[in-house]
Amino acid sequence: MKGGWKSTFAKIDPNKTSRYLLNTALARFLSLVLHPLLIPTLLFGIIFYAAPMVVENLEVFNEQQSVDFFGLKLSFKAGLLLLVFFFTFLIPSYLLYVLYRLKVIKSLTMENLQDRRLPYLMIVVLYTIFSYASFRYMTLLPEVTVIMTSITFSISCVAFISLYWQISAHATGMGGVIGSLLALTLKLELGGLLAPVLAVIVLTGFLMSARLYLNAHTPRQIMVGLLLGAVICSTTLFVFIQ
């Protein structure tokens with residue numbers, strides 16, 4: 001090779017390399033902390049603490065009951081949010097890791113359609129079970145069931161589409177959060193949700209840029225995902241939340 005290895009490395013700009021590594025690390029960080037499995041916890045967290053009146057009896061339960069979590073006393077809201085986190089993130093994440101260790105899927109990031117099919121089916125089943133459990137055992141908190149059902153239907157659509165096409169689950173999740181918060185803001189006239197809505201929109205912009213930067217999705221896959229999540233969740237909450 002003309003010039004040898006010294007000339008090759010001489011052409012590498014260390015500043016550009018460091019910026020590339022930094023940008024890649026940041027994009028991966030955003031993709032992790034705003035992972036689709038964390039979307040239910042994010043949405044319920046915003047509603048519980050920024051607009052608890054959405055769930056009619058939530059504050060009543062929060063004043064009268066507490067949750068004992070391994071000796072740690074939590075408020076009812078915190079305990080319920082922890083329950084959501086446990087069933088919609090921790091259990092699915094553990095099962096995904098098991099599938100990876102058993103070599104059923106090649107990567108935890110599920111970059112190809114083949115890797116997505118079984119995990120998405122598993123997640124749909126888990127979310128459906130949790131939605132039914134909320135309907136069966138939290139009859140005095142029907143809004144929780146409505147919100148969880150809208151999330152479950154969204155991920156079911158993603159799972160079905162992913163049989164044939166690689167739609168962005170990140171975009172669907174964030175679109176669902178934006179659609180849900182906008183629907184609640186408009187229907188219930190909740191001015192307290194305006195700041196969270198703006199914050200989520202900004203975060204969504206950064207996250208979608210990160211997904212494009214990592215070449216995880218095309219702009220079309222992201223736009224379809226955003227629209228899917230926004231339409232399903234906004235319509236469901238606008239119709240069924242009183």
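Overview of values
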item	result
Dipole of the chain, positive direction: furthest Cα of Leu82, Leu203, Val98, with charges on the beta-carbon	Val98
Rel. contact order, % - alpha carbon contacts under 8 angstrom, at least six apart, the stretch 149-242	49 percent
Estimated [θ] at 222 nm from DSSP helical runs (n ≥ 4, -39500 (n - 2.57)) normalised by residues in the chain, nearest 500	-24000 deg cm²/dmol
Nitroxide proxy distance, nm - points 7 Å out along Cα→Cβ at Leu214 and Leu121	2.5 nm
Crossing angle, helix 113-137 versus the chain [Cα axis fit, 0-90 degrees, rounded to tens]	10 degrees
Range of Cα positions in the chain per principal axis (Å), largest first	77, 42, 41
Charge dipole magnitude, Cβ of K and R +1, D and E -1 - the chain, Cα centre, debye nearest 20	1400 debye
Gain upon complete extension [Glu63, Phe135; 0.36 nm per residue less C-alpha separation]	23.7 nm
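Read the figures in this text as sums done on the coordinates, not as results from a lab. It should be emphasised that the depicted structure is a prediction, and the values quoted were computed from it without experimental measurement. We place every Cβ from the backbone using ideal geometry, glycine too, and count neighbours over all the protein chains shown.
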